[in-house]
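Participant: Please see the structure below; I have some questions.
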Amino acid sequence: MCNDSYPDFLLPCIPNFLKMIADLSRFDPNGVSVANNNLFGLPYTEDNAELIIIPVPWEVTVSFKHGTARAPEQILKASLQVDLFDSQFQNSWKKGVFMKQVDKKTLLKNDILRKENELYLNFINSGEKVETNKFMSKTLKEVNEGTGQMNEWVHTQCLEQLNKGKKVGVLGGDHSTAFGLIKALAEKHDNFGILQIDAHCDLRKSYEGLDHSHGSIMYNVLSQFPQVSKLIQLGIRDYCEAEWNYVCESDFRVVTYFEKELKERQFEGQTWSQIADEIINQLPEKVYISYDVDGLDPKLCPHTGTPVPGGFDLEQLNYLFRKIRNSGRTIIGFDLSETGVSIDGWDENVGARILFKLCNLMLCDK
C-alpha cells in the first residue's frame, strides 16, 4: 500500500485503522479450525471484532453441582468444532467475535471463596445458626463482598467495551455473573426487556444468606435497574412461594411462562409459533437474552449446576430467537451461564453451539 495515496494528516491514523480490519484472505471458513486463533477458530482480535465475549470464571454461590467456573475455557476449546456456516445467519461471523482471556485472578478468588462457601453451606444445612458462630459470620461476609466485587469487575470490563462501540456478551460461570453486564447496559439504554431462559425464577431476595447468589440475579436486577421495564421468563419449573408471590405482585413487569402451563397449552392444540408471537408482543424494542442452560432439557447439559427435569430443545428456542429478530427488535446483549464441565466434553460442545447462535443473533442485520 503506497502512503502517497493518503493525505499527510491521515498517515498517523493508518496503522490503527488497519488493526481494526481482519485479514480473511488466508482464512478458510470451510477448513479445520486453527487452534491458535480465537473463539470458533476465527482470526479476529479485540480491536477488529464487533462482538466481545467476556468470560467470567465464577461459581462461588452454586449450591449443588460445581464445574461451571471452568466452562469458559472448555467452551473455547469446544468451539473449534463448530462449523461456521449457519443457514439462518450466513455471514454474521464475518463481523468478528473475540473472547478475552479468562482472568486468572478472578478464577483464583473464585476457588478460594468457593471452598469457604462450601463450609458455610454445610454449616447452615446442619441446622446451625450463623449468628452463633463468628467464623461462619465472617465467611458469609467475605463471600458476599467477594461476589459484589466480581459484579463490579464484570461491570467495568463490559462498560469499557461498550464505550468503544463494541457489542458484548458474558460467558459464565454461574448465573450471578450476568449482573455486571446488565448494569452496564442500564447505563446505556433507558428502556429494555430481559428474556430469561431458565428452570428457576432467580427472584429470591437472598438465598441461603447470599445476597448476590445465582438464585437472586433477577431480583437484584429488577430492584436496582428501573431501565429493565419487562422480564419475560420461559421454562420455569422450580421455584419457591416467595418467588410466586413476587411474580403475581409485579403488575406484569414480570411475566413468567411456567413450563407446566406451556406444555398444557400445546397439549390442548396451541402451536409454539402462536405462543412465541405472544411472548414477543410483550417485549420492548430492545431485548437482552439471559440464557441459563438449566432451562434446557437436562439431556443437553446434564452437568449444569442445578438440573431440573423438563425443559426446552435447542431448536425450539432458536425458532423463538429468529422470530424476535424478524420482529425488528434489537438484541443489545446476552449472557450464557451454568454450562457444566463434563468428562466427555458434551456439555461444553452444546454450550459452544448455543454461544455461536447467540453471537450470530447479535451480529446479524435486521
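The values are calculated or read from the model by the stated rules, or taken from the named source; none is laboratory data. Computed from a prediction, not measured in an experiment: that's the story for all the values here. Cβ placement follows ideal geometry from the backbone for every residue including glycine, while neighbour counts extend to all protein chains displayed.
Participant: Which of the residues that make up the range 264-279 are touching a residue at least 12 places away in the same chain (Cβ under 8 Å) and either under 20 Å from ALA199 (Cα atoms) or of a type in the set (Val, Ile, Thr) (or both)?
Facilitator: TRP272, ILE275, ALA276, ILE279
Participant: Right, another one. What's the total number of residues in the range 84-102 that are within 16 Å of PRO43 (Cβ to Cβ) and either hydrophobic (A, V, I, L, M, F, W, C) or without any contact (Cβ under 8 Å) to a residue 24 or more places away in the chain (or both)?
Facilitator: 6
Participant: So which residues in the range 325-344 are at pLDDT 95 or above and basic (Lys, Arg), if there are any at all?
Facilitator: ARG329
Participant: Something else: So, in the range 182-205, how many residues would count as being part of a helix (DSSP H, G or I) and more than 23 Å from LEU320 (Cα to Cα)?
Facilitator: Filtering the range 182-205 down to residues part of a helix (DSSP H, G or I) leaves 182-186.
Within this subset, residues satisfying the condition of being more than 23 Å from LEU320 (Cα to Cα) are 183-184, 186.
Here the count works out to 3.
Participant: Considering only the range 311-346, state which residues are aromatic (Phe, Trp, Tyr), more than 23 Å from LEU262 (Cα to Cα) and assigned to a strand (DSSP E or B). Walk me through it before giving the result.
Facilitator: Applying the first criterion (aromatic (Phe, Trp, Tyr)) to the range 311-346 yields 312, 319, 321, 334, 346.
Going one step further and asking which of them are more than 23 Å from LEU262 (Cα to Cα), we end up with 334, 346.
Once the filter is applied, which keeps residues that are aromatic (Phe, Trp, Tyr), more than 23 Å from LEU262 (Cα to Cα) and assigned to a strand (DSSP E or B), the range 311-346 yields only PHE334.
Participant: A further question on this structure: Go through the range 117-171 residue by residue and tally those that are in contact with a Ser or Thr (Cβ under 9 Å, 6 or more places away or on another chain) and of a type in the set (Val, Ile, Thr).
Facilitator: 5
Participant: Could you run through the range 276-306 and say how many residues are assigned to a helix (DSSP H, G or I) and not β-branched (Val, Ile, Thr)? Before the answer, list the steps.
Facilitator: The first filter runs over the range 276-306 and keeps only residues assigned to a helix (DSSP H, G or I), leaving 276-281, 293-295.
Still in the list and also not β-branched (Val, Ile, Thr): 276-278, 281, 294-295.
Summing the residues that are assigned to a helix (DSSP H, G or I) and not β-branched (Val, Ile, Thr) in the range 276-306 gives 6.
Participant: Still on this structure, please answer the following. Would the range 172-188 turn up any residue that is surrounded by fewer than 22 Cβ atoms within 10 Å (Cβ to Cβ) and either touching a Ser or Thr at 6+ places or on another chain (Cβ under 6 Å) or among the polar types (S, T, N, Q) (or both)?
Facilitator: No: the range 172-188 contains no residue that is surrounded by fewer than 22 Cβ atoms within 10 Å (Cβ to Cβ) and either touching a Ser or Thr at 6+ places or on another chain (Cβ under 6 Å) or among the polar types (S, T, N, Q) (or both).
Participant: Additional query: Considering only residues that are assigned to a loop (DSSP other than H, G, I, E, B) and among the hydrophobic types (A, V, I, L, M, F, W, C), look in the range 211-240 and name the one that is surrounded by the most Cβ atoms within 10 Å (Cβ to Cβ).
Facilitator: The qualifying residue surrounded by the most Cβ atoms within 10 Å (Cβ to Cβ) is PHE225.
Participant: Consider only pairs whose beta carbons are under 9 Å apart and that are at least six residues apart or on different chains; among these, list those whose first residue lies in the range 218-240 and is within 9 Å of LEU203 (Cβ to Cβ) and whose second residue is assigned to a helix (DSSP H, G or I) and among the hydroxyl-bearing types (Ser, Thr, Tyr).
Facilitator: These pairs meet every condition: TYR219/TYR246; LEU222/TYR246.
Participant: Condition (residue is on the phi < 0 side of the Ramachandran plot, aliphatic (A, V, I, L, M) and buried (at least 21 other Cβ atoms within 10 Å of the Cβ)) applied to the range 304-316: is it met by at least one residue?
Facilitator: Applying the first criterion (on the phi < 0 side of the Ramachandran plot) to the range 304-316 yields 304-309, 312-316.
Cutting the leftovers down to aliphatic (A, V, I, L, M) gives us 308, 314.
The next check asks that each one be buried (at least 21 other Cβ atoms within 10 Å of the Cβ); those that pass are none.
Looking through the range 304-316, none of the residues is on the phi < 0 side of the Ramachandran plot, aliphatic (A, V, I, L, M) and buried (at least 21 other Cβ atoms within 10 Å of the Cβ).
Participant: Another question, if that's okay. Charged (D, E, K, R), in a loop (DSSP other than H, G, I, E, B) and either more than 24 Å from the chain's Cα centre (by Cα) or farther than 20 Å from SER92 by Cα (or both): which single residue out of GLU73, GLU59, GLU46 fits that description? Lay out the reasoning, then the answer.
Facilitator: Working: GLU73 fails: in a loop (DSSP other than H, G, I, E, B); GLU46 fails: either more than 24 Å from the chain's Cα centre (by Cα) or farther than 20 Å from SER92 by Cα (or both).
None of the others qualify; the one that does is GLU59.
Participant: Of the conditions (1) of a type outside the set (Ser, Thr, Tyr); (2) under 30 Å from SER63 (Cβ atoms); (3) touching a residue at least 12 places away in the same chain (Cβ under 8 Å), GLN282 fails just one. Which one is it?
Facilitator: (2)
Participant: Related question: What residue, among those in the range 324-359 that are more than 23 Å from SER63 (Cα to Cα) and touching an Asp or Glu at 6+ places or on another chain (Cβ under 7 Å), is surrounded by the most Cβ atoms within 10 Å (Cβ to Cβ)?
Facilitator: So the residue we want is ARG329.
Participant: Filter the range 165-218 for residues that are among the aliphatic types (A, V, I, L, M) and within 26 Å of LYS260 (Cβ to Cβ); which is farthest from the chain's Cα centre (by Cα)?
Facilitator: First, the residues of the range 165-218 that are among the aliphatic types (A, V, I, L, M): 168, 170-171, 178, 181-182, 184-186, 194-195, 197, 199, 203, 210, 217-218.
This time we only want the ones that are within 26 Å of LYS260 (Cβ to Cβ), so: 178, 194-195, 197, 199, 203, 217-218.
Values: ALA178: 6, ILE194: 12, LEU195: 11, ILE197: 10, ALA199: 15, LEU203: 17, ILE217: 12, MET218: 13 Å.
Only one residue tops the list, namely LEU203.
Participant: Hey, among GLU73, GLU118, which residue is of a type in the set (D, E, K, R) and in contact (Cβ under 8 Å) with a residue 24 or more places away in the chain? Steps first, please.
Facilitator: On the way: GLU118 fails: in contact (Cβ under 8 Å) with a residue 24 or more places away in the chain.
Going through GLU73, GLU118 in turn, just one is of a type in the set (D, E, K, R) and in contact (Cβ under 8 Å) with a residue 24 or more places away in the chain: GLU73.
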